[in-house]
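Notes follow the structure.
Nothing in this text is a laboratory measurement; each read-out follows from the coordinates by a stated rule. Bear in mind the structure is a predicted one, so any value in this text is a computation, not a measurement. Please note: Cβ atoms are built from the backbone with ideal geometry, for glycine as well, and neighbour counts cover all protein chains shown.
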Amino acid sequence: MSWKLVIHGGSGAMRPGKLPPEQDEAGRAGLAAALEAGERILAPGGSALDAVEAAARVLEEDPCFNAGRGSVLAHDGHVELDAAIMDGRDRRCGAVAGMRSTRAPISAARAVMELSQHVLMSYEGADDYAREVGLEQVANRWFQTPERRRQLDELLAKGSDAFDTDIKYG
Amino acid sequence: TIGAVAVDAKGHVAAATSTGGLTAKRWGRIGDSPLIGAGTYADDRAAAVSATGLGEIFIRAAAAHELCARVRLGGAGLQAALDAVLADIKQLGGNGGLIAVSPSGETALGFTTPGMYRGIASADGRKVAIYD
């Protein structure tokens, strides 16, 4: 039996030739790093669960992608993070929503799955739980980048109810 | 949104999805990513799935679970099941993409948007892409 890993870093409105070369290159490098992280686990016989967490962690840390650091900004300029993880062996799963301070949302989701009796935790409670199980906490501004601020400002200039439903930035 | 699906050497699958959601979101809006069965699902009887796109529509389509159900109960091939779910999402007015892997090592992906950051790795090597 051979292992396989597939990842995505989001879909959206970017068109061929329209993505700035440096953004194109950085995105591809981020994907390659995530694949490498997962491959380091799968190639020697590690579990799919460990591999998807490892790959997701790399992408969460990469500001090119809308997850973890580099996430899009909510209406008032803060970052709210959601994540989920699921194990196909027994359909155990864990999820978090609306987190503001946990550096590794996907690891928080795994903690919910493995250390609690629950499936989904949200908002302050989710961050409180992640803190209690020892996951690193950071200031919300750590997740924020100038480019995401510019994108938010662009959308807000169109009106207070402007959402990015075309997935131009998400 | 980012996501990963994998099958290991023992034939077990897993899925992970993480996101900051939608730019300018308000009122505690939550999309499909943390909703099991919508943006994320894994079942050794079918597949592991991660979604990216307009979350409200992926929730309405129960996208990730629907893909697995088409494989497990309907006998569809992985790519055919994925394509059918994406077609449903498009018909509902949504856009986005899906990635999937089966316990047998079959992989599938697709997107209705102009591009999707994506990559695949196996014992045969690695490949990344953004556009078709």
Residues satisfying the stated conditions in the range A:109-149, i.e. of a type in the set (Phe, Trp, Tyr) and under 24 Å from A:Arg91 (Cβ atoms): A:Tyr129
Residues satisfying the stated conditions in the range B:27-51, i.e. within 17 Å of B:Thr113 (Cα to Cα) and touching a Leu at 6+ places or on another chain (Cβ under 8 Å): B:Ser50, B:Ala51
The range B:28-60: number of residues that are of a type outside the set (A, V, I, L, M), surrounded by fewer than 24 Cβ atoms within 10 Å (Cβ to Cβ) and more than 7 Å from chain A (Cβ to nearest Cβ): 5
Single residue of B:Arg60, B:Arg26, B:Arg45, B:Arg70 found to be over 13 Å from the mean Cα position of the chain (by Cα) and closer than 17 Å to A:Asp164 by Cα: B:Arg26
Near pairs, Cβ below 7 angstrom, 6+ apart or cross-chain, from the range B:104-116 (over 12 Å from B:Ser50 (Cβ atoms) and at the interface with chain A (Cβ under 7 Å from one of its Cβ atoms)) to any residue that is part of a loop (DSSP other than H, G, I, E, B) and of a type in the set (Gly, Ala, Ser): B:Gly105/A:Ser2; B:Thr113/A:Ala13; B:Pro114/A:Ala13
Residue under evaluation B:Ala81, criteria (1) within 9 Å of another protein chain (Cβ to nearest Cβ); (2) crowded, with 24+ Cβ neighbours inside 10 Å; (3) more than 10 Å from the chain's Cα centre (by Cα), criterion not met: (1)
